[in-house]
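The structure appears right after this line, and notes come after that.
None of the figures in this text is laboratory data; all of them are computed from the coordinates on show. Predicted, not measured: the structure shown is a model, and the values here were computed from it. Here the Cβ positions follow ideal geometry from the backbone for every residue, glycine too, while neighbour counts run over all protein chains shown.
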Amino acid sequence: MQRSVPRRPLRFSTQTLLLQLSVVLLVVLFSAAVHAWLTYDRVGSEAENQALTLARTVASDASVRADVLAISQQPGTPPPAELAAGPLMEAAEAARVRTGALFVVITDETGLRLAHPDPERLGEKVSTDPSEALAGREVTTRNTGTLGPSAGAKVPVYAPDSTTVVGEVSVGYSMETVGQSVARDIGPVALTAAGALLAGVLGSFLLRRRLQRLTLGLEPEEISTLVHDQVAVLQGVDDGVVGVSADGRITVFNAAAQRLLELPDLAGSRWEDAPVPYQLKSLTRAGSNSPGAVELVAGGRVLVANARKALHRREDLGWVLMLRDRTELQQLTRQLDAVGTMSTALRAQRHEFANQLHTIAGFMSIGQHQQAREYLAQLAATGPLKFPVDQAELLQDPYLQAFVGAKGVEADERGVALRIGPETLVRGQVAEAQDVTTVLGNLIDNAVNAAVAGSATDRWVELEVLDEPDDDGGTLHIVVADSGDGLVEGTDPESIFAEGFSTASGPLARNGSGGQGFGLALARQLARRRGGDVKVLEPGSPGGPGAVFMATLPGTTSGTAGRTSTGTAGKDTHA
């Protein structure tokens, strides 16, 4: 028994070729059929219009109108022989012969033929419905009558100097003539279709050869495996990868890049038109002096980006950009700066306490007990700190005291007075000191910069801090105002939270070096992660006062460190 050999399936390129040929053939045949139908319809419409024009001409002839009225007024219809020799028959036949129409028929108001190419049908009822025309309406028709299929028109005949319909004129052109006209036009259409089919076949063969060259002879299954491997690698890494081809198109935009930039997949779009930060585009521009790596804020994250030219032998493949997330590192750096500032303030406080204790000990050693009591009372009234911060005693929390005091020293060195607003009231204790000092420090630094750059002679920054107790942790509200010139007129308040923006001078240090321009963006990001926000309350005005910022930090305070207990302790000390 002979075993059957399984048939080898056609190669994908062969299948593609056959499919393309089938599609081309169908498209050509369909296009030819549509063109033929449109031509047939167009020629038929022209025949209808021509029939309508001729019918109007005959129906408007004064002699025809008078003759039809005269016959209509007679008690009966004249015999066919009289009609055949009459003026209506002569006028109708003259018009038919002159224009090459199939028929020109004239009827009375009842639809009886008064003129017809076949004399034997005179006096008979017309084969098609004349009611539309006898009702005073012009119509075009395509139907089959006693003389065959035709495209024609029916026009009412009015009595002389009247609007009374006394008959109608029917004119028709043979559809066989229309078909012959279409047949003459179909020759060039067939030649065009044949040429298109030949071009399609040739193009299909060329496309097959190019497809084989582009795929290196690989079958779809092999290409699919390669694509899966590429996707697994690109989507499996935590770094963002953006590929830009040599012609300026984005070819790769992996999931990490979409997440870091908070953008949809941009693969296939033009790189110059893509809504990505301009720093990324500057890395790929010819002759750019941008560094090999830049730091930027995008999508609420601090990113480090670099670009490398992709080359294969001597072929320029474009650019590959790598994006790495440094948000957490930046936040830790800011928090460490805040801790360092607090440490400096606490060391200053420790030093001041030591001096105060030495002073009290000196009074006691020389027996000046009254002066010692007065000195203690003075300390209780003014508070333990002597930083250059107006109304610093309104801050009862030790973290806020130390941090704001240290910021007051820095502001004083730059000629800016830092003061606490009279509405400040913090009844709880700061539980998330690092988050609070990070946001507060950025807002104060931003305000000090704006005050220094402002045009006002009296430079100041005012801070108000209020807490809102809650069972799940109190919410801290921070309001910071300054004496600067405010935001530039026309500036969108949301745009200042983008990288490289400061209320002092607008965009800053757009190369991302030195960390300038990240403060507001990071402060807002940290606040929003806690369920709060940082926003602009007032944009300010030139000459001052400047912009007013408000930060809301939920869950950052706990307990009740009331003013009463602190004040009582002070009175006990004074006693």
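Which aspartates and glutamates, on any chain, are close to residue 154 with Cα under 14 Å apart, when same-chain ones fewer than 8 places away are left out?
Cross-link targets: 48, 108, 109, 129, 132, 138, 168.
Taking each pair of different alpha-carbon atoms in the stretch 14-180 once, compute 1/r for the pair, average those values, and report the inverse of that mean as the Kirkwood hydrodynamic radius in Å to one decimal.
With all distinct Cα pairs of the stretch 14-180 included, I get 17.2 Å.
Just want the ordering: 228, 35, from fewest to most Cβ atoms lying within 10 Å of their own Cβ.
Lowest to highest Cβ neighbour count: 228, 35.
Taking the beta-carbon count within 10 Å as an exposure proxy, list 309, 535 from fewest neighbours to most. Numbers along the way, then the final one.
Values: 309 11, 535 15.
The fewest-first ordering by Cβ neighbours comes to 309, 535.
Please list the non-local residues whose amide H lies under 5 Å from the amide H of residue 167, H modeled 1.01 Å from N, same-chain partners needing a gap of 5 or more.
Distant-sequence amide H within range of residue 167: 157.
Taking the Cα atoms of the stretch 237-325, what is the range of coordinates along each of the three principal axes, in descending order and whole Å?
Cα spread of the stretch 237-325 along its principal axes, largest to smallest: 38, 27, 25 Å.
Where both residues lie in the stretch 237-325, what percent of DSSP beta bridges are antiparallel, nearest 5?
The antiparallel proportion sits near 100 percent.
List the aspartates and glutamates whose Cα sits under 13 Å from the Cα of residue 535, skipping any in the same chain fewer than 8 residues away.
Leaving aside aspartates and glutamates fewer than 8 places away in the same chain, those within reach of residue 535 are 492, 494.
To the nearest 20 debye, what is the magnitude of the charge dipole of the stretch 62-108 about its Cα centre, counting +1 on the Cβ of each Lys and Arg and -1 on the Cβ of each Asp and Glu?
Details: 3 positive and 5 negative charges, 36 e Å.
Roughly 180 debye for the stretch 62-108.
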